[in-house]
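Heads up: the structure comes next, in structure tokens.
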Amino acid sequence: MTIDLSLACGRYDRTGALLDGRVGIEGCRVTAVSLRPEETFFRVFTQHEFDVAELSFSTYLIQTARGECEYIAIPAFVSRAFRHSGFYVRTDRVSWPGDLRGKRVGVPEYQVTAAVWGRGILQHEYGIPPSGIRWVVGGVEELGRQEKVSFDHPPGVEIVPATDLPLSRLLASGEIDAILAPRTPSCFRNKSEHVGRLFPDPRSVEADYFKRTGIFPIMHVVGIRKSLVQKHPWLAASAMKAFLQARAVALPSLDDTTALATSLPWLNQEAEFTRSVMGDDPWPYGVEQNAKTLDAMLSYHHEQGLSLRKLALEEVFHPGSLQQFKI
């Protein structure tokens, strides 16, 4: 029996083979759509539109801790990013992380995964707890953005909405002191006066962070509708296998010197640098391979009051996806 599945995720090198049909999910007829993460998350967490979908890790953990999530995750980490590069500041007021204490910092949503990682870095690397910052919540470029899911207000933490201007314009005008966001604000791209990065050379800082901690932040997981895996217990393992195969299709292009896979002149050298810092598998899937990163995320999420308890890995990931067979 073949089952029909809808799939929504971003078009990345590691998902392209799934989206264009070069890799399939065993036993499934897949209708795949490529969407930007914000749209996928909104449609999944408000309307539950897709059977398999890229999920915000933080939003997923909030709902899972409450027992309210319609999805169960597999450890296919389709989006990851170091987050030191996600801090944009007023350079006339902020020159190092300690200067953020007591300042107004904008985030698109308090609970977004990038903000969880950023606050974890501030607390555990620089001694600034979330309560040491005044958080301003709103769209980076547009007014009206709201939290996708509700959560209990963390005690002792000031969170206020941005009501008059989007965060990028607030930073450019000096009404806030910094932005912590997954997307680069236009005020930085446009070289607004006194707007810059908190870490001017983020790659060096992030490489050092990885060498010291072994943490490569996970932004998004892949979720499968629970009712489907309850009906078809094999589906989680088959989906995990498909995402692993799609990733394997993409990796050789990073070393192809005949014709560069992306419009980056030093793509091959960048791949060599990355492996020199992170090893031969810098973008691992699976639970065991990501133990330090997963433990940090689950700890930060609980510390910041977004999950009422620290979740166990067995609660977060479907057991059928935790191990893959070996020959």
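The values are calculated or read from the model by the stated rules, or taken from the named source; none is laboratory data. If you're wondering where the values come from, they're calculated on a predicted model, not measured in any experiment. Neighbour counts run over all protein chains shown; Cβ positions are idealised from the backbone, glycine included.
General remarks:
- Restricting 5, 19 to residues that are under 18 Å from residue 73 (Cβ atoms), at pLDDT 95 or above and crowded, with 16+ Cβ neighbours inside 10 Å narrows the list to 5.
- Residues located in region 211-235, provided they are surrounded by 17 or more Cβ atoms within 10 Å (Cβ to Cβ) and in a helix (DSSP H, G or I): 228, 229, 235
- Sub-8 Å Cβ pairs linking a first residue in region 234-247 that is more than 11 Å from residue 26 (Cα to Cα) to a second residue that is modelled with pLDDT under 95, at least 6 apart or interchain, are 244/324, ordered by first then second residue.
- Strands (runs of 3 or more DSSP E) within region 70-116 that include 1 or more residues in the same structural domain as residue 225 (by TED's automatic domain parsing) and among the small types (Gly, Ala, Ser): 71-80
- Selection of region 2-38 for residues being hydrophobic (A, V, I, L, M, F, W, C) and either outside the structural domain of residue 247 (by TED's automatic domain parsing) or assigned to a strand (DSSP E or B) (or both) yields 3, 5, 7, 8, 9, 28, 30, 32, 33.
- Region 39-60, residues that are in a helix (DSSP H, G or I), within 15 Å of the chain's Cα centre (by Cα) and not aromatic (Phe, Trp, Tyr): 39, 40, 58, 59
- Test: residue in region 259-273 that is under 17 Å from the mean Cα position of the chain (by Cα) and either in a helix (DSSP H, G or I) or under 27 Å from residue 122 (Cα atoms) (or both): no
- Looking across region 278-306, just one residue is of a type in the set (Val, Ile, Thr) and under 16 Å from residue 121 (Cβ atoms), and that is 293.
- Residue count, region 226-253 (criterion: of a type in the set (A, V, I, L, M, F, W, C) and either more than 22 Å from the chain's Cα centre (by Cα) or more than 28 Å from residue 209 (Cα to Cα) (or both)): 11
- No other residue among 311, 294, 298, 306 is touching a His at 6+ places or on another chain (Cβ under 8 Å) and modelled with pLDDT of 95 or more apart from 311.
- Selection within region 162-190 - modelled with pLDDT of 95 or more and among the acidic types (Asp, Glu): 175, 177
- Number of the exception - residue 88 against (1) more than 17 Å from residue 154 (Cβ to Cβ); (2) touching a residue at least 24 places away in the same chain (Cβ under 8 Å); (3) surrounded by fewer than 23 Cβ atoms within 10 Å (Cβ to Cβ); (4) of a type in the set (Ser, Thr, Tyr): (3)
- In region 184-201, residue nearest to the chain's Cα centre (by Cα) [restricted to those that are in a loop (DSSP other than H, G, I, E, B) and under 17 Å from residue 107 (Cβ atoms)]: 184
- Residue in region 197-208 that is in contact (Cβ under 8 Å) with a residue 60 or more places away in the chain, under 30 Å from residue 288 (Cβ atoms) and of a type in the set (A, V, I, L, M) present: yes
- Number of positions in region 132-185 that are surrounded by 16 or more Cβ atoms within 10 Å (Cβ to Cβ), touching a residue at least 60 places away in the same chain (Cβ under 8 Å) and over 23 Å from residue 93 (Cα atoms): 4
- Within region 117-131, the set of residues being outside any loop (DSSP other than H, G, I, E, B) and surrounded by 19 or more Cβ atoms within 10 Å (Cβ to Cβ) comprises 117, 118, 119, 120, 121, 122, 130.
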